[in-house]
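J.: Handing you this structure, nothing more for now.
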Amino acid sequence: MDTSKEYINMCEKAVEIQELKIIRKSKKVTSVPCWQFAKGDFFSSQSGIYVEGGLPSFDNGQYYKLSDFVWLPRQDQLQRMVYEDCVANCEKTTHWELKQFYFELLLDAHKLYAWYQSEGYDYDHLDSMEQLWLAFVMKEKYNKTWNGEDWVVSHQT
């Protein structure tokens, strides 16, 4: 699991991805956004890297302030985002090639590198599979690429 400063920065700036871990906790009339941890989730905070279930202070279902943590999606969680989009947006009979591409991509890292290179992006600065998968998810779902400092809208489609 990548816990490098670069991956933490990439995750923190991937607002769309961070929002996937936010739930709304009702407080009478208003709704307060907050984290809900799931077993095996990795989070970064100013005091270190944490894994849900590994520390007594991280009780299942406990809520935390948004500003306290950055969710670090694991590779399987990033892959699931691609798979779920594919299943939701493709019909088996008319989009079989696209589904096949995604399924093969999940199984073959070389295809992922080839895809990233074919899109015209330099992947040499991506140091882990989590970074590569995050870049893929951000491009496919939100049309954004990592410029080394932030996610920017891609002009290539």
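J.: Taking 0.36 nm per residue of sequence separation and subtracting the Cα-Cα distance, how much length would be gained by fully extending the chain between GLU6 and GLU104, in nm to one decimal?
T.: Fully extending the segment from GLU6 to GLU104 adds 32.5 nm.
J.: Let me ask another. Could you derive backbone 3J(HN,Hα) for region 147-154 from the dihedral phi with the Karplus parameters 6.51, -1.76 and 1.60 (θ = phi - 60°), listing whole Hz in sequence and x where the residue is Gly or Pro?
T.: These are the phi-based 3J(HN,Hα) values: 9, x, 10, 7, 8, 10, 5, 7 Hz.
J.: Using the number of other C-beta atoms within 10 angstrom as an exposure proxy, rank SER67, SER128 with the fewest first.
T.: SER67, SER128
Read the figures in this text as sums done on the coordinates, not as results from a lab. Computed from a prediction, not measured in an experiment: that's the story for all the values here. All Cβ positions, glycine included, derive from the backbone under ideal geometry; neighbour counts span all protein chains shown.
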